[in-house]
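Participant: Take a look at this one; I'll ask things after.
The values are calculated or read from the model by the stated rules, or taken from the named source; none is laboratory data. The structure presented is a predicted model; accordingly, all values stated were derived computationally and were not measured. Note: ideal-geometry Cβ built from the backbone for every residue, glycine included; neighbour counts use all protein chains shown. Side chains are part of the model used for accessible areas, which takes the heavy atoms of the whole protein and leaves out ligands, DNA and RNA. Shrake-Rupley method; radii C 1.70, N 1.55, O 1.52, S 1.80 Å.
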Amino acid sequence: MKLIEYGLKVGNKKLFKNVNISFEKNVISHILGSNGAGKSSFAKTCVGMLGFKGQIVGNKGAILIGSGSNIPSEFTIEDILKLLQKKFDSQKIEGLYNLLKLNKVSGKLQIRKMSDGQKQKVKLLVFLSADPKVIILDEFTNALDKNSALDLYHFFMEYNKMNDVVIINITHNLSDLEYMDGKYYYIRNLGITEIDSKGKVVDMYVRGE
């Protein structure tokens with residue numbers, strides 16, 4: 001996915017100006033920045049939820065996954081599997097189901113009775129069944145316990161190897177960087193800059209540059 005002369009203004013606040021940058025396939029691209037830098041607004045432009053200037057190339061069918069869930073709470077895993085199998089490739093769904101370790105959860109468990117980690121896994125099953133080529137994660141580990149987050153880190157590392165996708169992870173959780181290898185970017189001065197090491201981008205974030 002590529003940004004060409006990308007710019008964004010929300011209300012009276014200019015967030016980005018003349019940004020030119022590419023995000024590679026098969027690499028988890030971590031984006032950090034201070035509060036108010038425009039991380040979530042950038043994510044919304046990638047999936048067509050917010051207008052912008054310039055171009056975003058290669059984002060057709062991009063999906064945005066946040067920390068919340070809007071799947072009906074009375075649904076069970078079995079209900080969701082039946083719905084997905086009517087619409088998408090059964091083999092793909094089964095692979096995701098197993099990779100997410102949902103086979104270890106009762107199929108009759110309702111969404112409302114699930115832990116936050118289980119809800120996030122079900123949401124991933126639903127979103128990724130459509131085989132999107134661009135996945136934008138926006139604080140997707142927010143409020144998860146450590147074991148649930150570790151499960152999802154492992155999932156995305158494996159999913160990234162197995163699929164020809166662009167994964168952009170917008171985060172303030174430094175554990176994301178610790179457990180998911182990738183490239184590092186920092187939002188500052190109305191731009192998005194690639195940072196050449198994990199240590200350097202963490203230092204910038206901690207210092208609030």
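Every residue, every condition in (1) under 14 Å from the mean Cα position of the chain (by Cα); (2) basic (Lys, Arg); (3) under 30 Å from Asn98 (Cα atoms), yes or no:
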residue: Glu158; (1), (2), (3): no, no, yes
residue: Asn173; (1), (2), (3): yes, no, yes
residue: Arg188; (1), (2), (3): no, yes, no
residue: Asp196; (1), (2), (3): no, no, no
residue: Val201; (1), (2), (3): no, no, no
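Participant: Does the range 139-146 include one or more residues that are closer than 17 Å to Phe23 by Cβ, open to solvent by less than 50 Å² (accessible area, probe 1.4 Å) and either touching a helix residue (DSSP H, G or I) at 6+ places or on another chain (Cβ under 8 Å) or acidic (Asp, Glu) (or both)?
Facilitator: Filtering the range 139-146 for residues closer than 17 Å to Phe23 by Cβ gives 140.
The next check asks that each one be open to solvent by less than 50 Å² (accessible area, probe 1.4 Å); those that pass are 140.
Filter again for either touching a helix residue (DSSP H, G or I) at 6+ places or on another chain (Cβ under 8 Å) or acidic (Asp, Glu) (or both), leaving 140.
Yes: the range 139-146 contains one or more residues that are closer than 17 Å to Phe23 by Cβ, open to solvent by less than 50 Å² (accessible area, probe 1.4 Å) and either touching a helix residue (DSSP H, G or I) at 6+ places or on another chain (Cβ under 8 Å) or acidic (Asp, Glu) (or both).
Participant: Follow-up question, since we're still on this one. Please identify the pairs in which a residue from the range 103-118 that is under 12 Å from Ile80 (Cβ atoms) has its Cβ atom under 7 Å from the Cβ atom of a residue that is polar (S, T, N, Q) and surrounded by fewer than 16 Cβ atoms within 10 Å (Cβ to Cβ), counting only partners at least 6 apart or on another chain.
Facilitator: Gln110/Ser73; Ile111/Ser73
Participant: I've got another one for you. Among the strands (runs of 3 or more DSSP E) contained in the range 162-209, which hold 1 or more residues that are closer than 20 Å to Ser40 by Cα, open to solvent by 40 Å² or more (accessible area, probe 1.4 Å) and among the polar types (S, T, N, Q)? Quick ask: steps written out before the conclusion?
Facilitator: On the way: elements: 166-170, 183-188, 191-195.
Per the criteria, 191-195.
Participant: Another one. Of all residues being out of contact with any Phe, Trp or Tyr (no Cβ under 9 Å at 6 or more places or on another chain) and not small (Gly, Ala, Ser) in the range 174-209, which is farthest from Leu128 (Cα to Cα)? Just the residue, please.
Facilitator: Step one: list which residues in the range 174-209 are out of contact with any Phe, Trp or Tyr (no Cβ under 9 Å at 6 or more places or on another chain), which gives 181-182, 184, 188-189, 199, 203, 206-208.
Remaining after also requiring not small (Gly, Ala, Ser): 181, 184, 188-189, 203, 206-207.
On the way: Asp181: 21, Tyr184: 24, Arg188: 31, Asn189: 34, Asp203: 33, Val206: 33, Arg207: 35 Å.
Restricting to residues being out of contact with any Phe, Trp or Tyr (no Cβ under 9 Å at 6 or more places or on another chain) and not small (Gly, Ala, Ser), the top hit is Arg207.
Participant: Could you go through the range 3-10 and let me know if any residue there is more than 26 Å from Asn173 (Cβ to Cβ) and either at pLDDT below 95 or open to solvent by 60 Å² or more (accessible area, probe 1.4 Å) (or both). Before the answer, list the steps.
Facilitator: Pass one, the range 3-10, residues more than 26 Å from Asn173 (Cβ to Cβ): 4-5, 7, 9.
Those still in the list that are either at pLDDT below 95 or open to solvent by 60 Å² or more (accessible area, probe 1.4 Å) (or both) too: 5, 9.
Checked the range 3-10: at least one residue is more than 26 Å from Asn173 (Cβ to Cβ) and either at pLDDT below 95 or open to solvent by 60 Å² or more (accessible area, probe 1.4 Å) (or both).
Participant: So if I check each of Lys108, Lys123, which one is open to solvent by 60 Å² or more (accessible area, probe 1.4 Å) and among the charged types (D, E, K, R)? It would help to see each step written out before you state the result.
Facilitator: Details: Lys123 fails: open to solvent by 60 Å² or more (accessible area, probe 1.4 Å).
From the options Lys108, Lys123, the qualifying one is Lys108.
Participant: Only one of Glu178, Glu139 is within 30 Å of Ser197 (Cβ to Cβ), of a type in the set (D, E, K, R) and touching a His at 6+ places or on another chain (Cβ under 8 Å). Can you tell me which?
Facilitator: Values: Glu178 fails: touching a His at 6+ places or on another chain (Cβ under 8 Å).
Going through Glu178, Glu139 in turn, just one is within 30 Å of Ser197 (Cβ to Cβ), of a type in the set (D, E, K, R) and touching a His at 6+ places or on another chain (Cβ under 8 Å): Glu139.
Participant: Quick one: in the range 39-55, of everything that is more than 17 Å from the chain's Cα centre (by Cα) and surrounded by 16 or more Cβ atoms within 10 Å (Cβ to Cβ), which residue is nearest to Asp151 (Cα to Cα)?
Facilitator: Residue satisfying both the conditions and the ranking: Phe52.
Participant: In the range 147-159, what residues are under 16 Å from Glu178 (Cα atoms) and either part of a loop (DSSP other than H, G, I, E, B) or touching a strand residue (DSSP E or B) at 6+ places or on another chain (Cβ under 9 Å) (or both)? Explain how you work it out, then say what you get.
Facilitator: Of the residues in the range 147-159, the ones under 16 Å from Glu178 (Cα atoms) are 147-158.
Within the range 147-159, Phe156, Met157 meet the criteria.
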